[in-house]
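Comments concern the structure below.
The values are calculated or read from the model by the stated rules, or taken from the named source; none is laboratory data. Since the model is a prediction, treat every value here as computed from it, not as a measurement. Virtual Cβ from ideal backbone geometry, glycine too; neighbours counted across all protein chains shown. Only protein heavy atoms, including side chains, enter the accessible area calculation; ligands, DNA and RNA are left aside. Shrake-Rupley method; radii C 1.70, N 1.55, O 1.52, S 1.80 Å.
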Amino acid sequence: MTHDEYLKRRDELLKIRTVSLDAFDKAILTLATGSLALSITFLDKIGKPYNVLTSALIFVSWVAFFLVIVANLISYLFAKANMDNKIGELNSIYQEEIDTGQEVKKVEKTFWQRTATDICNICAFVIFVVGVAAFTYYIIEIQIKNFAELNMVQNEEEKQMAIKKTAGL
């Protein structure tokens, strides 16, 4: 592989990586905001917390989804700062080439903002999973309670019908 082939292939991979990270950022942001909205709707329509556990679960899920949104937005800021640094680096290399009249070969620096962006994205993913787990557990607890209440109502209705049948005989 020649140096030019290497650079071309590396550029292609960097573009794919950028598109993938952009898609990840959009997806995690959309999923977190949608999950937050869904959990609020679920709370209003299906079941409110009824004990400390369910209150804690819905609170944890809301905090997690909010933190995912914040981490994702912070990652955008770090990514922008990283690109600003990369542009500055490129500008200085180009200026050096103009000044010296020779091609400057330098290894690209890795700026701390790139690492910070990665950390924010990893945190967003992990926290999102925690939020989904808490919300799922909340739904299970609420549905168990709803099912138990439905069974109690049905049993009570069956008892009342049996009493009416017995009284009518």
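Key figures
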read-out: Highest-fluctuation residue, 21, 29, 90 considered, GNM on the chain with Cα pairs under 10 Å; value: 90
read-out: Surface share of carbon and sulfur [accessible, 1.4 angstrom probe, percent] for the chain; value: 68 percent
read-out: Spatially close lysines, pair count over the chain: Cα under 29 Å, gap of eight or more or interchain; value: 27
read-out: Low-density loop cleavage sites - chymotrypsin sites (Phe, Trp or Tyr not before Pro) in segment 10-68, where at most 15 other Cβ are within 10 Å (DSSP); value: 50
read-out: Directionally averaged shadow of the chain, computed from the convex hull of its alpha-carbon atoms, nm²; value: 15.5 nm²
read-out: Probe 1.4 Å, protein heavy atoms only - accessible area per residue of the chain in square angstrom; value: 71 Å²
read-out: Under DSSP loop assignment and at most 12 Cβ neighbours within 10 Å, longest GluC sites (Glu not before Pro)-free interval of the chain; value: 1-102
read-out: Extension gain (nm, one decimal) between residue 59 and residue 165, 0.36 nm per residue minus Cα-Cα; value: 33.4 nm
read-out: Rounded to the nearest 10 Å², the accessible area of residue 11 at probe 1.4 Å; value: 90 Å²
read-out: Karplus-derived HN-Hα couplings along segment 116-122 (A = 6.51, B = -1.76, C = 1.60, θ = phi - 60°), whole Hz, x at Gly and Pro; value: 4, 4, 4, 5, 4, 5, 5
read-out: Area accessible to solvent at residue 153, 1.4 Å probe radius, in Å²; value: 80 Å²
read-out: Amide H contacts of residue 50 (H built 1.01 Å from N, under 5 Å, at least 5 apart or other chain); value: 55
